[in-house]
Every structure is written in C-alpha cells, then in structure tokens.
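Working notes, structure below.
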Protein chains: 2
Amino acid sequence: MATERVLATYLIETPHPLQEAAEVLAGEQSSGTFVSVPGETDELRERFRARLESLQELEPVAEPSLPGVKVPEGVAEYRRARIEVSFSLENMGVNLPTLVATVAGNLFELREFSGLKLLDIELPQDFATRYPGPQFGIAGTRQLAGVEARPLIGTIVKPSVGLSPAQTAELAGELAGAGIDFIKDDELMADPPHSPLKERVEAVMKVLNKHADKTGKKVMYAFNISDSLQAMYRHHDIVQAASGTCVMVSLNSVGLAGVEALRGRASLPIHGHRNGWGMLNRHPALGIEFTAYQKLWRLAGVDHLHVNGLQNKFSESDESVVRSIKACLEPFLGGYHLLPVLSSGQWGGQAPEPYQLTKTVDLMYLAGGGIMAHPGGPAAGCAAIRQAWEAAVKGVELVDYAREHEELRLSIDKFRG
Amino acid sequence: MATERVLATYLIETPHPLQEAAEVLAGEQSSGTFVSVPGETDELRERFRARLESLQELEPVAEPSLPGVKVPEGVAEYRRARIEVSFSLENMGVNLPTLVATVAGNLFELREFSGLKLLDIELPQDFATRYPGPQFGIAGTRQLAGVEARPLIGTIVKPSVGLSPAQTAELAGELAGAGIDFIKDDELMADPPHSPLKERVEAVMKVLNKHADKTGKKVMYAFNISDSLQAMYRHHDIVQAASGTCVMVSLNSVGLAGVEALRGRASLPIHGHRNGWGMLNRHPALGIEFTAYQKLWRLAGVDHLHVNGLQNKFSESDESVVRSIKACLEPFLGGYHLLPVLSSGQWGGQAPEPYQLTKTVDLMYLAGGGIMAHPGGPAAGCAAIRQAWEAAVKGVELVDYAREHEELRLSIDKFRG
C-alpha cells in the first residue's frame with residue numbers, strides 16, 4: 001500500500017455479490033453519486049477513488065443482521081467478508097473529522113449492506129506530524145503518580161452523585177490513607193450545583209496535597225471537566241492551579257474536536273471515559289471496533305482510555321476486553337502511548353488473566369466496591385488488589401498467595417462469585 | 001414531572017421482569033454500583049436517584065436483539081417496553097456532555113438488556129438559558145438566501161472529491177446561473193491538498209458575489225470547515241470575509257463541544273451534516289432515535305440538519321424520514337428553530353408526500369444527479385424541482401402539472417423508477 005493512503009478494514013454482510021457491494025462502499029465514500037454527472041472524468045476517478053484492496057470471504061448467515069437492506073430476488077443467504085478499502089489521503093487531507101466522515105460516515109446507511117462494522121484503520125505518517133497525541137501517556141502518568149512496575153490502582157468516587165465537595169474530599173483523604181494511586185470522578189457529574197467543580201477541586205486537592213506533603217505520594221485525581229470548551233479550559237486551569245494532576249473527559253459526548261482542542265491547551269493528562277461506547281459497538285455487525293476507535297482518540301491526544309474489565313458487569317466478553325488492552329498497548333504511528341483503564345466489577349480476582357494474556361502491568365486497575373466494600377476497609381481493599389497483581393506477575397495462584405496475604409483472602413471470600 | 005428533572009424515553013428489551021430491568025438502568029445512571037458502599041444514605045439516594053416514571057409494555061420477541069445479555073434460567077422470551085426515566089438536573093447540572101453521559105452513556109452496555117434505544121428527551125428550561133441554540137434557524141436562513149414561501153433548493157458539489165477550486169467555482173457559477181438557492185461541499189472533503197479551503201472559498205465566492213451583484217440573488221454556499229477547532233474558526237472567518245453565508249460541519253466527528261464552541265464564535269449559519277448516523281441508529285433496538293438526537297444539536301446551535309430524503313438511496317424508511325422532518329419543525333424549549341435538510345436521490349418526485357404529511361415548505365431540498373443530470377441541464381433540473389413543489393403545495397398530481405411544465409415532465413421521464 002502506498003503510504004499516502006488510509007487503509008480501513010471492515011466486516012461486511014450483504015445479499016449482493018461481495019465484490020459488487022464492496023465497490024459500492026468504496027464509490028460512496030469517494031467519488032460516487034446515484035447517476036454519473038458531467039465533470040467526473042476517468043482520470044479524476046482513478047486518482048481519487050477509494051480502492052478495494054482485499055476481500056476475505058467468511059461464513060454466510062441465513063438472516064440479515066440489520067433491517068433496511070435491498071435484497072435481490074432469490075437470495076437465500078447473506079454473505080460475509082472482511083475487506084480492506086484504501087482511500088487517497090489527498091481526498092480528505094490530514095483532518096480527523098474528515099477522516100472519520102470517510103471511513104465511518106454515510107456508509108453505515110447503505111442499503112446494499114445488512115451488516116457493516118469498521119474493524120481497524122491504518123494511517124499515513126502525516127497524521128503524526130499534525131496531531132501530537134498523548135502528552136503524558138504511560139511513562140508520564142507513572143511519573144506523576146509515582147507508581148512503577150505495577151498497575152496503578154484506582155477507584156471511582158461513589159455514590160456517583162450527591163456527595164458535597166467536603167464529603168468527596170473526606171472520601172479522597174480516606175482513600176489516600178488507604179494507599180490508593182488514583183481516584184476519578186464519576187462520568188455522571190462534572191460541575192453540578194451540589195458539587196461545583198471549583199469547590200470540589202479545592203476541597204479535594206487540599207486533602208491530597210497535605211497527604212503528599214506528609215508521605216511524598218501525590219494521589220492522582222481525575223476531575224471530570226466534561227463541558228463546553230471554555231468551561232473545560234477554565235476547569236483544567238483550576239485543577240492545575242490547585243496542583244491537581246489529571247482531568248477527565250467523556251469522549252463521545254465532548255467529541256474529537258473538543259478533546260483535541262483541550263489537548264492543545266492542557267498541561268495535565270487527559271483521562272478518557274468512553275461512556276456511550278455500547279451504542280457504537282454492542283451489535284456485532286454494526287458500528288466500530290475498539291481497535292479503530294482507540295486510534296482516533298490517541299490522535300486527539302487522550303492519555304488514558306477505558307477498556308472495561310474482565311468479568312465485568314456489562315455485556316462485553318473477556319476476550320474483547322483483552323483485545324482492547326492489547327490495542328491500547330500496541331504502538332501507533334511509532335508512539336502515541338496510551339494507558340488502558342480496566343474497570344467495572346474489579347476486585348483483584350481479574351489480575352491473573354489479563355497478565356497471562358498481555359504480560360503487561362502498564363494499566364490502570366479501577367475498583368469501586370472492590371475497594372470500598374472490602375471487609376477490612378478501603379486500605380485492605382487496596383492491599384488486596386496489589387497482592388493479586390503481585391501473585392499474577394509471580395505466576396502464583398491467587399488462593400495460594402492468599403494463604404499468606406490476609407487482605408487478598410478476605411477479597412476472595414467476599415467477591416469471588 | 002417536576003421541571004427540574006430531565007425526562008428520557010427508552011425502548012427496552014430484556015429477559016428480566018421489565019420493572020426490575022428498568023430500575024437497574026435508573027440505578028446505573030444515577031447512584032448505582034455493584035455493591036452498596038458506605039456514605040450512600042437513603043436520604044442521598046432519594047434526592048439524587050433516577051426514577052422510573054412510566055412503563056408501557058409492548059409485544060415480546062422470541063430472540064434477543066443484541067448479544068451479551070444475562071439470561072435467567074427458563075426464560076423463553078424477551079419482553080419489550082417503552083419506559084420513561086427521569087433524572088435530577090441537580091445531578092448533572094446544565095451541561096450537554098454530562099446530559100449525554102447520563103441519558104446515553106454506560107447504559108447501552110448493561111447485560112440486563114438485549115435491546116436499548118433512547119427515543120426522546122425532555123429538558124428543563126434551564127438548558128435554554130445556558131445554550132443559545134441556532135443563531136439563524138429557518139427565518140435567518142431564508143433571509144440570507146432570499147427565499148420565501150417555498151423550500152430552498154440546493155445541490156452538492158459532485159464529484160465529491162477531485163475538483164480544483166477553479167473547477168468548483170465554475171460549477172458553482174453554472175448552478176447559480178441555473179437558479180439554485182443553495183450549494184454544499186461534500187462531507188468527504190474540507191481542506192484537502194487539491195482544494196485548500198481558502199482557495200476554494202475565494203474562487204467560489206468571487207463567482208457567487210458577481211452573480212449576486214448582477215441578479216440580486218446571493219446563492220448560499222455551505223463550505224465544509226470540519227476540522228480542528230482553531231482551523232474551523234479560521235476557516236469560518238475566511239468564509240465570512242469573502243461574503244460567504246454558510247459553513248458546514250460533520251456533527252458526529254466534530255462533536256458537541258466543538259460545534260457549540262463554533263456556534264459561540266460564528267456569525268454564519270451552521271449546516272449540520274449527520275454522516276455516521278447509521279452507526280447510531282440503524283439497528284432498531286440499539287442507539288438513539290432522531291427525535292432525541294436532533295435536540296442535542298439544536299442545543300449546540302446547529303441551524304440546518306440533514307434528515308435524509310424520501311425514497312432515498314439509503315436504508316431508512318420514508319416513515320422515519322417524515323418523523324425526522326416533523327421533529328426538526330417541532331418547537332423545542334420554546335424555540336430553537338431548525339431547518340430540516342432533505343437529500344439523497346431527490347429530483348422533485350419526493351415533494352408531494354412530505355408536503356401532504358407535514359404541510360410545510362420550511363425545508364431544504366437537495367438534489368445531486370436530479371439537478372446535474374437533468375436532460376435539459378442544471379437550470380431545467382432546478383426548474384423541475386420548483387415545479388414539483390408548486391404542484392405539491394397546490395395539491396395537483398405531478399403528472400398533471402407536468403403537462404404544462406416541460407422541465408418537470410423530463411424529470412419524471414428520466415428519474416421516476
């Protein structure tokens with residue numbers, strides 16, 4: 001493939017001949033319209049049209065995955081394939097929104113398809129020149145949080161809503177005392193009347209700064225600044241002025257241009273929350289795979305990205321979560337280091353499996369109830385999770401390790417279903 | 001419902017008792033976690049929790065619409081309901097990204113559901129105080145374009161990619177001469193190497209300004225400025241400086257914060273392109289309905305919004321398109337006037353039906369091939385569409401009206417399938 005082309009991989013499902021349907025997609029997303037128009041010369045078409053680069057047929061299905069498909073007479077099955085389509089960079093320029101409009105735009109509505117999912121994208125190096133990407137990534141985050149050679153262990157402020165700044169600060173102090181590395185706001189609140197961001201930042205950082213002065217350990221707190229752009233700038237500055245070390249953003253509802261603008265102005269890591277992700281991915285034959293999705297956010301400059309957790313409380317399979325962790329850790333355009341964030345129903349029991357499969361401790365491991373509801377209290381909850389990761393790295397069974405690690409034993413008794 | 005609550009309507013599908021599943025959704029999106037944690041008092045919970053306001057059972061289905069669902073033993077069907085859930089405004093504050101994180105966030109991943117779609121939202125008036133909404137809307141757009149009492153008739157520059165600024169300007173001049181009201185760039189290109197935005201704006205506006213000086217009619221051209229935020233600002237200013245009257249943005253890939261920031265700085269109407277919409281909506285039991293979606297963009301300040309067209313080349317049904325047109329024209333928070341944009345495979349034949357169903361001419365009607373590939377040329381193509389709308393408003397059958405309107409007759413002969 002020429003380096004000047006964007007390559008997109010799709011899963012397609014169609015009642016039409018596969019090659020024909022794939023060409024419709026390529027046409028729609030480059031030079032196509034419903035009738036030929038004057039000015040569309042062969043030369044222009046050849047230079048700018050998208051090209052089908054490969055087509056690998058998969059098992060067909062008997063029923064269409066999506067409605068609205070145009071079915072030719074006599075069709076008894078829906079063919080499936082994995083295809084690669086390349087787009088000339090000259091069409092779109094080095095431009096994130098136009099890239100997305102090309103690889104993930106109108107095509108989902110084409111009635112030639114009963115299923116269409118964007119699986120992956122590969123981009124020319126030009127994107128790296130324009131988009132600086134994560135400012136802190138894995139190494140920068142570790143340095144700010146003072147955590148080496150093991151996952152950052154974190155938690156989410158719960159209840160999600162309702163706590164005053166003073167109550168949040170009290171909880172943060174308790175968690176700091178328990179040895180936590182990282183705390184995050186919930187995605188449901190950023191600057192609500194009952195906990196204005198400025199007051200929350202000041203109350204929380206007062207406690208965390210004091211803790212840092214005493215112990216040398218600055219707990220990283222991701223304040224949710226998702227908002228209008230000017231408010232995000234202002235709130236970022238408030239966090240920074242209070243010696244905070246992280247801001248959090250709901251990626252899908254702030255959007256690529258907003259996150260990228262924040263990155264351009266920020267001097268703190270951006271913790272990327274992917275809420276709304278189920279809408280984009282839960283259907284197996286519609287939407288976008290995480291492998292493609294996370295590349296867009298790396299370009300926009302996100303430092304941490306949520307990937308769900310193993311044995312989570314949501315609908316995602318463990319296999320998909322592991323794939324997401326690996327995707328985050330894979331270098332992109334020669335860098336763009338991104339810290340995957342595991343969360344949802346975690347308590348330490350989910351340490352061995354991702355470690356065996358990825359051999360990495362470059363991740364953030366968030367537990368809510370797993371820490372707060374530990375029978376020995378939050379400090380014991382944090383200790384149990386550290387112990388679980390020690391066991392995982394050493395290749396020792398959790399139950400064996402728990403014999404000499406009381407906190408882990410209590411976690412196993414309480415949380416293992 | 002108290003005015004201080006956000007009301008969201010969902011379609012749910014679940015193998016669990018409906019009430020129980022609905023309560024899980026409400027909990028997850030307000031105070032919930034997987035175990036009870038200290039600090040979560042009954043008082044806090046009552047004040048901040050989301051409430052199930054209504055539940056209307058629908059016909060069940062035999063198979064789950066989505067994978068990843070937790071199925072209780074012995075379940076033979078998947079229950080469906082339309083539910084209303086209210087959220088305290090105090091939880092999220094008046095904040096567009098936090099609103100979306102609440103009504104359309106993690107909930108799509110809940111394994112209690114085999115289907116979940118956000119159908120509509122109702123918001124407290126506080127949102128109108130914070131978000132000024134469309135700056136031009138229907139009346140402002142009509143005034144700029146000089147079109148009263150009929151739809152604005154427009155087209156898309158085709159081929160989508162490949163034309164130089166000079167070629168685009170030539171085409172714009174030809175279309176202006178043909179009597180067009182509106183022209184838009186394609187969503188696939190904004191500022192690409194072969195047609196830098198600045199050069200395109202200057203070339204096109206030179207032609208359109210000259211045409212306006214001669215005829216008094218300023219054709220509205222929506223330049224696609226989708227890009228990084230600073231680039232969008234700069235490009236907006238270039239359009240304005242050249243006496244252009246519209247900018248276009250790919251909404252889903254720029255995002256809510258970016259569009260809202262542009263609105264705050266813009267002095268031109270924002271033409272909202274919804275490419276990528278299929279990903280959010282094509283599955284009947286996943287994602288978001290247009291009724292809810294368009295309200296978010298009205299808050300962000302979009303003036304025109306694409307709704308597809310009747311008998312379109314995509315997968316959407318005519319019934320859904322008509323619902324979308326109506327949704328745009330329905331006042332929201334007492335105003336927020338939004339111009340619906342019909343496009344895709346339009347040539348005039350799709351005038352009578354939407355008119356009969358909506359009795360409105362407050363829309364933009366875009367035809368690509370329907371204008372450019374008309375046997376009599378683009379001027380005849382524009383005339384044919386105007387004639388089709390005259391017939392629709394008068395309640396005359398198109399074929400009857402075509403007897404005395406040659407251009408319409410030629411369109412019917414060529415385009416009616």
> So who's got an amide H within less than 5 Å of the one on B:HIS306, skipping anything under 5 residues away but keeping other chains? H placed 1.01 Å off N, in plane.
Replying inline: B:GLY272, B:ARG274, B:VAL341
> With θ set to phi - 60° and the Karplus curve 6.51 cos²θ - 1.76 cosθ + 1.60, what are the ³J(HN,Hα) couplings of the range A:355-368 in order, to the nearest whole Hz, using x for Gly and Pro?
Replying inline: 5, 4, 7, 10, 6, 10, 10, 7, 7, 10, 10, 9, 10, x
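Given an 8 Å cut-off on Cα distances and at least 6 residues of separation, report the relative contact order of chain B as a percent.
Values: 837 pairs, mean separation 62.9, N = 417.
In percent, rounded to a whole number, it is 15.
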> Under 5 Å between amide H atoms, partner at least 5 residues away or on a different chain: which partners does A:GLY287 have, H built in plane at 1.01 Å?
Replying inline: A:LEU116, A:LEU118
> What is the spin-label model distance, in nm, from B:SER320 to A:LEU58 if the labels are put 7 Å beyond Cα along the C-beta direction?
Replying inline: 2.2 nm
> Who wins for biggest fluctuation among A:VAL61, A:VAL393, A:VAL249 in a Gaussian network model of chain A, springs between alpha carbons below 10 Å?
Replying inline: A:VAL61
> Spin-label point model (7 Å from Cα, Cβ direction): what's the A:ALA241 to A:LEU144 distance in nm?
Replying inline: 1.8 nm
> For the range B:137-415, what does the alpha-carbon gyration tensor say about shape, rounded, prolate or oblate, given a ≥ b ≥ c as the root eigenvalues, a/c under 1.5 as rounded, and a/b over b/c as prolate?
Replying inline: oblate
> From the phi of every residue in the range A:279-291, what ³J(HN,Hα) in whole Hz does the Karplus formula 6.51 cos²θ - 1.76 cosθ + 1.60 yield, where θ is phi - 60° and glycine or proline is x?
Replying inline: 4, 8, 9, 5, 6, x, 10, 8, x, 9, 7, 4, 3
> Taking chain A as a Gaussian network, Cα atoms linked when under 10 Å apart, which of A:ASP185, A:ASP318, A:ASP42 shows the biggest mean-square fluctuation?
Replying inline: A:ASP42
> Averaged over all directions, how much area does the convex hull of the C-alpha atoms of the range B:25-134 cover when projected, in nm²?
Replying inline: 9.1 nm²
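For the pairs A:LYS70/A:LYS117; A:LYS218/A:LYS313; B:LYS295/B:LYS326; A:LYS158/A:LYS218; B:LYS184/B:LYS217; B:LYS158/B:LYS394, flag any whose C-alpha to C-alpha distance is greater than 23 Å. Show your work: numbers first, answer last.
Values: A:LYS70/A:LYS117 18 Å; A:LYS218/A:LYS313 30 Å; B:LYS295/B:LYS326 12 Å; A:LYS158/A:LYS218 21 Å; B:LYS184/B:LYS217 17 Å; B:LYS158/B:LYS394 32 Å.
From A:LYS70/A:LYS117; A:LYS218/A:LYS313; B:LYS295/B:LYS326; A:LYS158/A:LYS218; B:LYS184/B:LYS217; B:LYS158/B:LYS394, over 23 Å: A:LYS218/A:LYS313; B:LYS158/B:LYS394.
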>> As a test, work out the antiparallel percent of DSSP beta bridges whose residues both lie in the range A:137-415, rounded to the nearest 5.
In response: 5 percent
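Average partner chain C-beta neighbours within 10 Å, per residue of A:270-276?
4
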> Taking H as built 1.01 Å from N, whose amide H comes closer than 5 Å to the amide H of B:ILE183, not counting residues under 5 places away?
Replying inline: B:THR155, B:MET220, B:TYR221, B:ALA222
> So, in nm, how far is label A:SER267 from label B:VAL71 when the simple model puts each one 7 Å beyond its Cα toward the Cβ?
Replying inline: 5.6 nm
>> For the range B:365-406 and the range A:146-219, what is the centre-to-centre distance using only Cα atoms, to the nearest Å?
In response: 64 Å
> By the gyration tensor of its Cα atoms, with a ≥ b ≥ c the square roots of the eigenvalues, what is the shape of the range A:129-198: rounded for a/c under 1.5, prolate for a/b over b/c, or oblate?
Replying inline: oblate
> Using alpha carbon centroids, what distance separates the range A:293-330 and the range B:34-110, in Å?
Replying inline: 23 Å
> Quick one: A:THR141, A:THR168, A:THR358, fewest Cβ neighbours within 10 Å first, how do they rank?
Replying inline: A:THR358, A:THR168, A:THR141
> How long is the protein assembly as shown along each principal axis, judged by its Cα atoms, biggest number first, in Å?
Replying inline: 92, 58, 57
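Where in the range B:60-112 are there GluC sites (Glu not before Pro) that are in a DSSP coil and have at most 13 other Cβ atoms within 10 angstrom of their Cβ?
Numbers: sites: B:GLU73, B:GLU77, B:GLU84, B:GLU90, B:GLU109, B:GLU112; in loops: B:GLU73, B:GLU77, B:GLU112.
Answer in residue order: B:GLU73, B:GLU77.
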>> Let me make sure I get this right: for the range A:218-266, a, b and c are the square roots of the gyration tensor eigenvalues over alpha carbons, sorted descending. Under 1.5 in a/c it's rounded, otherwise prolate if a/b > b/c, else oblate. Which is it?
In response: prolate
> Hey, what do the phi angles of the range B:85-90 turn into as Karplus ³J(HN,Hα) couplings, whole Hz, using 6.51/-1.76/1.60 and θ = phi - 60°, x for Gly and Pro?
Replying inline: 10, 10, 10, 5, 5, 4
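Tell me, A:TYR221, A:TYR233, A:TYR355 in order of fewest to most beta-carbon neighbours within 10 Å? Provide the component values of the computation, followed by the final result.
On the way: A:TYR221 30, A:TYR233 16, A:TYR355 20.
The most exposed by this proxy come first: A:TYR233, A:TYR355, A:TYR221.
Restricting to the protein assembly as shown, compute how many DSSP beta bridges are antiparallel as a %, nearest 5.
Close to 50 percent.
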>> At a threshold of 8 angstrom on Cα-Cα distance, excluding pairs fewer than six apart, so keeping six or more, what relative contact order does the range B:5-130 reach in percent?
In response: 46 percent
> What is the average number of partner chain Cβ atoms found within 10 Å of a Cβ in B:279-292?
Replying inline: 5
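Every read-out reported here was derived from the displayed coordinates using simple, explicitly stated rules and does not represent laboratory data. Every value quoted in this text rests on a predicted model; they were computed, and no experiment measured them. Reconstructed Cβ throughout: ideal geometry from the backbone, glycine too, with neighbour counts over all protein chains shown.
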